[in-house]
1. Quick check: from the Cα gyration tensor, does chain A come out rounded (a/c under 1.5), prolate or oblate?
2. Check which residues have an amide H placed less than 5 Å from residue A:88's amide H, if you skip close sequence neighbours.
3. If you stretched the chain out fully between residue B:431 and residue B:336, how much longer would it get, using 0.36 nm times the residue separation minus the C-alpha to C-alpha distance?
4. Would you list B:449, A:282, B:260 from the most to the least accessible area, probe 1.4 Å?
5. Within a 10 angstrom radius of each residue's Cβ in B:98-109, how many Cβ atoms of other chains show up on average? Whole number is fine.
6. From other protein chains only, count the Cβ atoms within 10 Å of every residue's Cβ in A:172-180, then give the mean.
7. Roughly how many Å² of residue A:430 are accessible to a 1.4 Å probe, to the nearest 10?
8. Rounded to the nearest 500, what is the 222 nm mean residue ellipticity of chain A from helices alone, with -39500 (n - 2.57) per DSSP H run of 4+ residues and division by all residues?
Number of protein chains: 2
Amino acid sequence: MAKIPYKTYLTEEEMPKQWYNMRADMKEQHDPMLNPGTLKPMKAEDLYPVFCEELCRQEMDSTTRYIDIPEEVQAFYKMYRPSPLIRAYELEKKLGTPAKIYFKFEGNNTSGSHKLNAAASMAYYAKEQGLTSLTTETGAGQWGTALSMACAHFGLDLTVFMVKVSFQQKPFRKAVMETYGANIIPSPSDTTNIGRAILAKDPNTGGSLGCAISEAIELSMADDNCRYTLGSVLNQVLLAQSIIGLESKIAMEKIGEYPDIIVGCAGGGSNLGGLMSAFMQDKLTGKADPRIVAVEPASCPSFTRGKYAYDFCDTGRITPLARMYTLGSDFIPSANHAGGLRYHGMSPILSKLYHDGYMEAISVEQSKVFDAGVLFAKTEQILPAPESNHAVYGAIQEALKCKETGEAKTILFGLTGTGYFDMKAYMQYHDGTMTDHVPTDKELQIGFDGLPKVD
Amino acid sequence: MAKIPYKTYLTEEEMPKQWYNMRADMKEQHDPMLNPGTLKPMKAEDLYPVFCEELCRQEMDSTTRYIDIPEEVQAFYKMYRPSPLIRAYELEKKLGTPAKIYFKFEGNNTSGSHKLNAAASMAYYAKEQGLTSLTTETGAGQWGTALSMACAHFGLDLTVFMVKVSFQQKPFRKAVMETYGANIIPSPSDTTNIGRAILAKDPNTGGSLGCAISEAIELSMADDNCRYTLGSVLNQVLLAQSIIGLESKIAMEKIGEYPDIIVGCAGGGSNLGGLMSAFMQDKLTGKADPRIVAVEPASCPSFTRGKYAYDFCDTGRITPLARMYTLGSDFIPSANHAGGLRYHGMSPILSKLYHDGYMEAISVEQSKVFDAGVLFAKTEQILPAPESNHAVYGAIQEALKCKETGEAKTILFGLTGTGYFDMKAYMQYHDGTMTDHVPTDKELQIGFDGLPKVD
């Protein structure tokens with residue numbers, strides 16, 4: 001057989017025309033979202049004030065296996081997709097591993113990550129519903145950038161609540177979003193009741209994702225033509241991100257490969273949920289049994305040290321309750337944590353699959369993660385985002401295990417994005433000022449103590 | 001016929017295996033490089049102390065039409081190439097033009113630009129010759145980043161003299177280069193005689209490309225195992241960059257297209273010289289006659305307002321003399337100029353072709369260039385580098401002419417890179433503090449007065 005190419009692209013005709021809904025193949029569904037007041041399960045209609053209607057239906061849909069990607073979204077995807085499936089020949093050589101390492105690279109677009117896949121879907125459905133604006137929050141900035149781009153394309157106004165510490169550290173991310181016409185507000189802000197309340201308690205807070213979510217929801221609720229959007233955690237997000245896994249599977253088929261191990265970084269689950277989608281289908285239907293490994297930061301270890309419990313999705317406690325692996329909605333990762341993956345909870349779908357043994361998870365300190373990322377940058381010539389470095393780390397660990405055992409396993413990992421707006425973290429790594437923080441059990445207990453009492 | 005895809009990629013088999021040397025098809029050659037002391041034409045051997053030997057031979061080679069791309073360089077190219085040829089459907093729609101706009105996008109790699117194409121060639125040949133290190137200069141930072149990446153790959157040490165004003169404004173560019181192991185020195189520095197002399201004259205100077213070149217050459221001359229490299233202007237650079245035009249032509253053939261107009265930004269000529277290469281061959285050999293348009297900054301207008309004269313390639317006046325369009329080696333673009341395209345001269349090959357009427361050139365103020373770039377970002381979803389915005393501007397002008405005349409011309413332009421490390425310039429554009437500077441004739445005269453007297 002001829003040598004496998006460095007990069008495998010699908011043609012535009014080969015690109016998926018439908019998203020895949022993992023829930024349709026799950027033996028057991030995750031527990032339903034609950035109204036935090038009544039503790040009753042919520043219906044799609046109950047969410048209409050928050051999200052646009054089609055997305056609410058998708059959120060609740062556990063039976064439709066494939067959902068058509070609207071033509072306008074397909075056209076949008078074609079501007080930056082398909083993303084390449086890349087064989088990491090140079091990394092393999094450097095590691096001296098018999099493993100075959102592949103990565104699906106989602107960073108070749110101006111948002112710098114896979115986030116654009118779901119942003120396109122949300123902006124499109126909002127436009128279709130006749131809405132005129134959206135709100136959202138952003139931490140590291142990838143999601144805010146992605147939604148800014150999608151809103152510029154579909155003609156919607158956008159307000160982004162950017163976690164204050166990130167707003168201060170990343171003026172360039174802000175400038176990219178402004179280039180696409182978005183309005184950026186540092187959170188907590190004095191533009192919302194929740195923001196004002198948090199500022200009253202702690203005027204110097206650097207903010208958190210959970211707090212920015214609360215503010216974005218509050219603002220959207222004040223305007224009938226506006227809805228809120230979230231870039232991770234939700235079922236509707238995983239659905240749109242399934243494009244990653246669907247493309248990956250087709251690309252691997254084209255070169256006669258199938259992964260033994262799939263590795264992804266995990267914060268709220270948007271990337272890993274997308275990457276693993278088509279392979280999880282094989283697993284759920286008994287066609288194949290690849291290992292699926294989530295890699296999360298030791299400083300925000302929701303899978304590995306969180307509780308599987310009902311919790312709020314935001315700090316302000318205005319969202320529905322979702323059952324998920326969570327560190328508690330009050331949990332904020334320590335200030336030295338670089339990059340994203342700082343959400344207190346985890347996608348309910350991934351949480352259920354993890355709980356039922358379909359997935360594994362590890363957590364790792366960021367200095368080790370950056371060791372892996374710099375090695376990857378030097379060998380594969382792509383500078384990864386801090387989030388992606390977690391997946392790189394996980395893939396390298398698996399490749400080194402293969403080196404020990406001599407097994408030539410096929411590893412697929414998700415390189416979610418590029419680190420061009422995260423160079424401050426790389427500078428800290430280079431000058432030795434990057435530090436790790438692994439929360440003590442006592443520190444974690446504070447978040448658990450705040451969990452809502454359900455049943 | 002089916003709709004032309006948004007993006008056209010070559011397969012790895014279709015990728016060019018040879019570079020194309022435009023000089024082999026030029027009716028007349030550009031005047032030879034001269035030894036600045038004797039004013040005698042230089043031979044390849046005369047350059048051996050400066051560049052590695054194979055590159056010196058390439059520099060002087062006006063007869064070999066095709067030069068094999070070494071297998072190691074082909075392998076390196078496959079890590080980030082082929083670059084896509086993209087149909088700008090959204091931009092066309094926005095402009096309401098009957099023109100078909102294509103762009104060759106070279107920004108999907110960590111250096112953020114086409115510069116990596118020549119960096120790979122230079123690092124490879126240096127390694128082959130048994131050298132252990134290279135030096136270079138960088139302005140906007142793209143070339144320094146590209147060479148850092150190539151040196152990490154081929155195992156060479158690298159010292160980059162970074163124009164001081166850029167060093168201060170772009171700490172993140174520096175951090176990327178350091179990730180790849182390069183040593184970055186702000187120029188002028190006290191590590192060289194030339195740097196010390198310039199600092200003695202003006203301790204507060206922000207530096208210039210010409211000065212950084214002098215320092216990089218001086219350092220390389222002090223070490224037998226070290227050579228100097230330059231990322232533009234030289235024939236050896238245009239040769240390596242011909243990969244852009246060769247790929248573009250094959251990609252256009254695949255979709256049944258041929259450009260009526262080719263537009264590129266021009267600073268030293270590396271990108272435009274590469275993009276136009278395969279099409280200029282058609283022009284030189286009478287097979288086709290596309291218009292070729294260089295777009296340069298009004299603040300550094302070497303084609304449009306320079307003299308076609310022998311000049312030094314650096315401020316320190318230690319390089320050979322080249323006949324080219326030049327503003328004089330003392331010329332420094334005004335401090336408000338954002339991004340690259342700030343070199344005082346222009347590729348001797350492009351200068352000759354322009355002089356002989358094979359090309360056109362226009363110059364434009366940066367505020368107009370950023371208008372074009374932001375329009376492009378919003379429609380095509382890629383945020384261009386300030387340099388690339390010049391080409392975007394030129395392409396839009398041609399498309400608008402088509403709108404007036406109703407002609408459906410095919411326009412190809414070079415999107416050389418992304419603006420992720422240039423957000424300060426975009427911030428100035430957004431907040432209204434970006435200003436233009438068009439040098440007066442009197443200001444330009446200062447540079448011309450310093451031109452060396454030849455014949």
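The values are calculated or read from the model by the stated rules, or taken from the named source; none is laboratory data. From a predicted model like this one, the values you see are computed outputs, not experimental measurements. FYI the Cβ positions are ideal-geometry reconstructions off the backbone, even for glycines, and counts take in every protein chain you see. Accessible surface areas use protein heavy atoms only, side chains included; no ligands, DNA or RNA. Shrake-Rupley method; radii C 1.70, N 1.55, O 1.52, S 1.80 Å.
1. rounded
2. Amide H neighbours of residue A:88: A:101, A:102, A:103.
3. Full extension from residue B:431 to residue B:336 adds 32.7 nm.
4. Solvent-accessible surface, decreasing: B:449, B:260, A:282.
5. Working: counts 0, 0, 0, 0, 0, 0, 0, 1, 0, 2, 8, 4.
Going residue by residue through B:98-109 and averaging, the value is 1.
6. Working: counts 9, 2, 3, 12, 6, 0, 7, 12, 5.
Taking all residues of A:172-180 together, the mean is 6.
7. 70
8. On the way: 17 runs with 188 residues, N = 455.
The helix-only estimate for chain A comes to -12500 deg cm²/dmol at 222 nm.
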